[in-house]
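Every number here is computed from the coordinates shown, using simple stated rules; none is lab data. Fair warning: this is a prediction, and the values are worked out from it, not measured in the lab. Cβ: placed from backbone, ideal geometry, glycine included. Neighbour counts: every protein chain shown.
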There are 2 protein chains.
Amino acid sequence: MDYITELAEKGAVAKQAARQLATLSTAVKNQALLAMADALEREQAVIVAANAKDVEQAEANGMVRPLIDRLLLNEARIKAMAEGLRQITTLPDPIGEVLSGWVRPNGLSITKLRVPLGVIGIIYEARPNVTVDAAGLCLKSGNAVILRGGSEAISSNTAVTAIIAKAATAAGIPDGVIALVETTDRQAVTAMLKLNKYLDVIIPRGGAGLIRTVVENSTVPVIETGTGVCHTFVDATADLTMAQDIAFNAKVSRPGVCNSMETLLVHSGIAAEFLPAMLERYHQAGVELRGCPETMNYHQAVRPATEEDWAAEFLDLILAVRVVDSLDSALEHIAAYSTRHSEAIITRDYNNAQRFQQEVDAAAVYVNASTRFTDGCEFGFGAEIGISTQKLHARGPMGLAELTSIKYVVNGNGQIR
Amino acid sequence: MDYITELAEKGAVAKQAARQLATLSTAVKNQALLAMADALEREQAVIVAANAKDVEQAEANGMVRPLIDRLLLNEARIKAMAEGLRQITTLPDPIGEVLSGWVRPNGLSITKLRVPLGVIGIIYEARPNVTVDAAGLCLKSGNAVILRGGSEAISSNTAVTAIIAKAATAAGIPDGVIALVETTDRQAVTAMLKLNKYLDVIIPRGGAGLIRTVVENSTVPVIETGTGVCHTFVDATADLTMAQDIAFNAKVSRPGVCNSMETLLVHSGIAAEFLPAMLERYHQAGVELRGCPETMNYHQAVRPATEEDWAAEFLDLILAVRVVDSLDSALEHIAAYSTRHSEAIITRDYNNAQRFQQEVDAAAVYVNASTRFTDGCEFGFGAEIGISTQKLHARGPMGLAELTSIKYVVNGNGQIR
């Protein structure tokens, strides 16, 4: 089947199925999620066999080891995927929630309710667990989903989707609520970005290149996720022990994720006291250091930072370090280079803490904590479909509520205007 | 100045100004709105003179009388624009509102706050009052705005913008918060749609053609507004007097707006009783009737409806009428042709009312009231910037709250992950 036909067929079925799904009870959706989890565990041999094909192909193509590891599915990982679905059943169902309501002077009663978005397109790379995770979150929030994973995982994704979709249907979910684009032709992505007739939103999950492609080419509304050039500013009054622990954690605990710190800003008033030990600790941990001229005075391992370094999302054990002479300079630097994801100040000064949180424009703005907490689970949402770095619709970690829209239900007794 | 330079300059200034505006108090913003209102009234001679140029040009171009009337500014209309700004000062400031907050087990305190979107682009047609209205709503919600009005109103818009922007600046609002694209080159719109560096969102206000152009070409996130193919379904158990009044009001009270009814659906069980008098009332009011074969039996003025008529937004005294044999048929028709704006059922049946409100996918779903109530003022929002027909970010009438985003402010005392 060519991709145009595939997308049109799956889109039309998903749109129809979404209408029915929107009216199903929480109990039915939870039963389906549990059935999907059981099916994954029951059919794990099928999944492992399908995954072996992807891994074999990846090795033949010379894929590097860490990426092959991300691709790999084994008993433990399949169990984790199933547990993820069971976890989603414990989350409150957002659909039908009354957000507000009031009566107008003419007697019209207006109620604002949460409803599903409809049909969500998810375009993602590599890891097959996203398939299960995204399908589960969309189902619980009453949305049909059309998944488009990376071609490297096509065999795994096809097997996994077939298993969970079948289990969902058997549990009373309309056919077509969970669909995978099986054509690996890259043009299918381009076509999906123009599928306004059937898709209500597209969420890209992956590297900066994928996200840019989606934002630049989609006519379907997009929720942009993920790019994080995050800063930590160590103010003149910071508790330097706390500052060192937070700044170390923000860079080193998991450098490959979007909420890790990429640039450390240090107030000139404490730079001489703070930076030598801090830089040595990074150096010992294998962090490559790129600094401004003053920073270079405090440790011999620091290489000069270029203009590109200030704007870089390294996603690696690389850190840019700059000494700034005031809170204002820190705010200017952040305004110029931040991707508005997560920003932190370490300070004991009340006014500076207030100003930083008010003036920094980012999804999450921290005082005296690591930027690494910007995450659906750490925020207490129970799960996340991604971290929005745009301002429209959703910002920051997106849980089930961020996969919903609203509807005004208006009750009258003959009102005319 | 060429439009590329103009957009880049105004965009950069607006982005910088938006950072400062975001931190201003409600009192400062309200003072500015009052100063803008006073300035409009004080300088009305300047506005009327500028408007006369637009009107003269429009007449020379052979613009039809109703459009020239929309374009015209006189003392009463300028006073209404000023009053609109004063009205905005009475609305609650959405910025800084705490939407929710909680403490995590590790002691991190998370607060979800309303913040401005940043810089809003508004692309609109004809009426110069939109310039003032949009500028006022954006200012109150802490957003900078870049306005692009129709070329027919360029002289009026330039005069009005200069007056209100100057008054705002004198009242302490950063320079550049209110900007107008003065180049009338149509390419300026295309360039604006790609101005991701400076614009956080674009809201088009105008006809279906403008909205389609924006949705199809913008890489900046868009809030789609306005197209309304709205239905009223008269159920078998409807109070027929109420049904007639509502169906008449929904079509005739103001046919040129998006919340007016375009298609009347009537249950076959009451068609013979309901339709003859209803159709005659429309006919007397000058409504052109296009119906299904059964409808044609009930009045000789009814012409056959084509497939295009079911999907048409007439915005005129034209009505499509169809007899359906069940609630399910009505729901199917609505699902097929609705633009998801406003839909109504007239019924005395509890279950049908419930099903209609649950199953119809639209911004506003009415029982026993006219679709004409879908409007920011009628909903009690005090003002509106438009009516969103998309599901992302905002749906239905958009007031000040819909011009905001959120920010998570996180307070810790050394938390690391």
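In table form, for the structure just shown:
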quantity	calculated
Positive dipole terminus of chain A, leading residue within A:82, A:229, A:408 (C-beta point charges)	A:408
Around residue B:310: net Lys/Arg minus Asp/Glu count, Cβ-Cβ under 12 Å	-4
Folded to 0 to 90 degrees: helix B:350-359 orientation relative to chain B principal axis, Cα	50 degrees
Shielding score for B:88-99, defined as the mean number of other chain Cβ atoms within 10 Å	0
Relative intensity, log₁₀ I(q)/I(0), of the protein assembly as shown from a Debye sum that treats every alpha carbon as a point, q = 0.06, 0.10 Å⁻¹	-0.43, -1.16
Alpha-carbon centroids, the stretch B:110-173 and the stretch B:368-417: separation in whole Å	18 Å
Most positive-pole-ward Cα, B:333, B:295, B:315, against dipole of the stretch B:230-373 from beta carbon charges	B:315
Extended-chain gain in nm, criterion 0.36 nm per residue less alpha-carbon gap, residue B:208 and residue B:401	67.0 nm
Loop sites in the stretch A:174-279: trypsin sites (Lys or Arg not before Pro), DSSP, at most 16 other Cβ within 10 Å	A:186, A:194, A:197
Relative contact order (%) - criterion: Cα under 8 Å, at least six apart; region: the stretch A:230-373	33 percent
At 1.306 mPa s and 10 °C, Stokes diffusion of the stretch B:292-417 via Kirkwood alpha-carbon radius, µm² per second	90 µm²/s
Within chain B, helix-based [θ] at 222 nm, where runs of 4 or more DSSP H residues each add -39,500 (n - 2.57), nearest 500	-13500 deg cm²/dmol
Cβ-Cβ FRET estimate between residue A:348 and residue A:284, R0 fixed at 35 Å, reported to 0.05	0.80
Nitroxide proxy distance, nm - points 7 Å out along Cα→Cβ at residue A:297 and residue A:26	6.0 nm
Volume per residue that the Cα convex hull of chain A spans, once the total is divided by residue count, Å³	172 Å³
Helix A:208-217 vs. chain A, principal-axis angle (Cα, 0 to 90°, nearest 10)	50 degrees
Simple label model, 7 Å out from Cα along Cβ direction - residue B:268 to residue A:75, nm	6.1 nm
Full-stretch length increase - residue B:329, residue B:216 - with 0.36 nm per residue and alpha-carbon distance subtracted	37.4 nm
Approximate spin-label separation residue B:9-residue B:49, in nm, with each point projected 7 Å along Cα-to-Cβ	2.4 nm
GNM top mover of A:326, A:342, A:100 - chain A, alpha-carbon springs below 10 Å	A:100
Compactness index (Cα Rg / 2.2 N^0.38 Å), the stretch B:230-373	0.91
Helix A:75-89 axis, angle to chain A major axis (alpha carbon atoms, nearest 10°)	80 degrees
Estimated FRET transfer efficiency (residue A:197, residue B:104; beta-carbon r; R0 41 Å; 0.05)	0.45
Estimated FRET transfer efficiency when R0 is 35 angstrom, pair residue A:151-residue A:308 (beta carbons, to 0.05)	0.70
Choice from A:254, A:355, A:290 with maximal GNM fluctuation in chain A (Cα, 10 Å cutoff)	A:355
Distant-in-sequence amide H partners of residue A:222 (H built 1.01 Å from N, under 5 Å)	A:202
Average Cα contact separation per residue, chain B, under 8 Å, 6 or more apart, as relative contact order %	18 percent
Among beta bridges that DSSP assigns inside the protein assembly as shown, antiparallel share in %, nearest 5	30 percent
Highest-fluctuation residue, B:270, B:95, B:334 considered, GNM on chain B with Cα pairs under 10 Å	B:270
Percentage relative contact order, the stretch A:1-148, counting C-alpha pairs under 8 Å, at least six apart	31 percent
